[in-house]
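What follows is a single structure, written as structure tokens, with notes after it.
The values are calculated or read from the model by the stated rules, or taken from the named source; none is laboratory data. None of these values were measured; they are calculated from a predicted model. Backbone-built Cβ (ideal geometry, glycine too); neighbour counts: all protein chains shown.
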Amino acid sequence: MTRIGVLTGGGDVPGLNAAIRAVTRRSLEYGFDVYGIRNGWAGLVDSDVEPLSMKSVSGILHIGGTMLGSSRTNPFKHARDLEKSLRTIKELNLDAIVAIGGEDTLGVAERLYREHGVPVSGVPKTMDNDVWGTDYCIGFDTATTTVCEALDKLHTTASAHHRALVVEVMGRHAGWVAVVGGLAGGADFVVIPEAPCSINKMCEHLRRRYAMGKHFSIIVVAEGAQITDMPVNEDLGEADAFGHVRLDRRGLSETVAREVERQTGFETRSVVLGHLQRGGSPTVFDRLLATRLGVRAADRVKEDMFGYMSALQGNQIIDVPLSEAMSRMKTVDPTLYQLAEIFY
């Protein structure tokens, strides 16, 4: 009897439950025993698992978050955690692990496969959409839809009070959420990590808009954006197990808003969308994507095909080696950013 474990790691996004459901139902169809590993890689470290059945994954397709829980645990951070993880895999007689996650979670999966021969099958999930090799990651469409809807609402209050609003969205190293959400939501200026920008350039643009009779503006900034002529708080405290600091502590949108108001004299407020971008039910696109990627991950287990990640390229689900997917980060296509600039 084939026994597989499935886990979700890193930041939660809508669509994770749809992926868990897809992996489980396809695996049960094959006659596999399926175990949910709780709280990401921490579940292997702590030997915290639960059997999954048709009943346990029934009715979860539309629910955000993850029924298995998540964490940013990195078993390679401490040798003892790695030993515990490998022991749990052996004790449970797991023939494969389906890892649903982003760069960090899939990076652990790739190392387990490459360095320790653990049979792994990956599914890309991150609202940042920065995993190389796939056009879309689970959670990205829902996040950008949330950003677009927020900008629609913010436009009305900005225009009513003749204000500039600086809206901070997620995006540590890649500005996909800012560009796509901003473009769809009619943002008047977008700042992303891939294209450092100055406050002076921002203010010049706002002055041009005001001179044209447009007495309000929406500026979208990714949390990891670099402002070349303005210091922001970089004392962000302790990093997590993967070396990431909390970017919300930069206070980027508030700092930008204060400086824009000081330089232009236009009343400016800041809005941080934060974890709203991770919440709620997944969109139709994310439900379908998670289902297709999850089914393919289970299919690879059936085919004894390990060390790969399900990916969407065009309209086809293909298999991408985890080593290739983890070799680089997918940053914003410059042509997409240039498209957004047309509408400034």
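For the stretch 9-26, does any single residue satisfy the condition of being outside any loop (DSSP other than H, G, I, E, B) and surrounded by fewer than 22 Cβ atoms within 10 Å (Cβ to Cβ)? So far as the stretch 9-26 goes, yes, one or more of its residues are outside any loop (DSSP other than H, G, I, E, B) and surrounded by fewer than 22 Cβ atoms within 10 Å (Cβ to Cβ).
Among the residues of the stretch 282-316, count how many are farther than 22 Å from HIS62 by Cα and part of a loop (DSSP other than H, G, I, E, B).
Quick first cut of the stretch 282-316, residues farther than 22 Å from HIS62 by Cα only: 299-309, 313-316.
Checking the rest, the ones that are also part of a loop (DSSP other than H, G, I, E, B) come to 303-307, 314-315.
Qualifying residue count for the region: 7.
Yes/no matrix, rows are residues, columns are (1) crowded, with 24+ Cβ neighbours inside 10 Å; (2) in the same structural domain as ARG209 (by TED's automatic domain parsing); (3) of a type in the set (Gly, Ala, Ser); (4) part of a helix (DSSP H, G or I):
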{"position": "ILE97", "(1), (2), (3), (4)": "yes, no, no, no"}
{"position": "GLY107", "(1), (2), (3), (4)": "no, no, yes, yes"}
{"position": "HIS173", "(1), (2), (3), (4)": "no, yes, no, no"}
{"position": "ALA178", "(1), (2), (3), (4)": "yes, yes, yes, yes"}
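In the stretch 261-299, the residue that is surrounded by the most Cβ atoms within 10 Å (Cβ to Cβ) out of those that are under 20 Å from the mean Cα position of the chain (by Cα) and on the phi > 0 side of the Ramachandran plot is GLY280.
From the list TYR337, TYR344, the lone residue that is farther than 27 Å from PHE76 by Cβ, surrounded by 15 or more Cβ atoms within 10 Å (Cβ to Cβ) and not assigned by TED's automatic domain parsing to the domain that holds VAL166 is TYR337.
Can you pull out the residues in the stretch 120-130 that are touching a residue at least 60 places away in the same chain (Cβ under 8 Å) and farther than 14 Å from ASP319 by Cβ?
Keep residues of the stretch 120-130 that are touching a residue at least 60 places away in the same chain (Cβ under 8 Å), which gives 120-127, 129-130.
LYS125, THR126, MET127, ASN129, ASP130 - these are the residues of the stretch 120-130 that are touching a residue at least 60 places away in the same chain (Cβ under 8 Å) and farther than 14 Å from ASP319 by Cβ.
Residue-by-condition table, conditions (1) at pLDDT below 95; (2) of a type in the set (Val, Ile, Thr):
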{"position": "TYR136", "(1), (2)": "no, no"}
{"position": "ALA143", "(1), (2)": "no, no"}
{"position": "GLY175", "(1), (2)": "no, no"}
{"position": "ALA187", "(1), (2)": "no, no"}
{"position": "VAL191", "(1), (2)": "no, yes"}
{"position": "ALA195", "(1), (2)": "yes, no"}
{"position": "VAL221", "(1), (2)": "no, yes"}
{"position": "ALA225", "(1), (2)": "yes, no"}
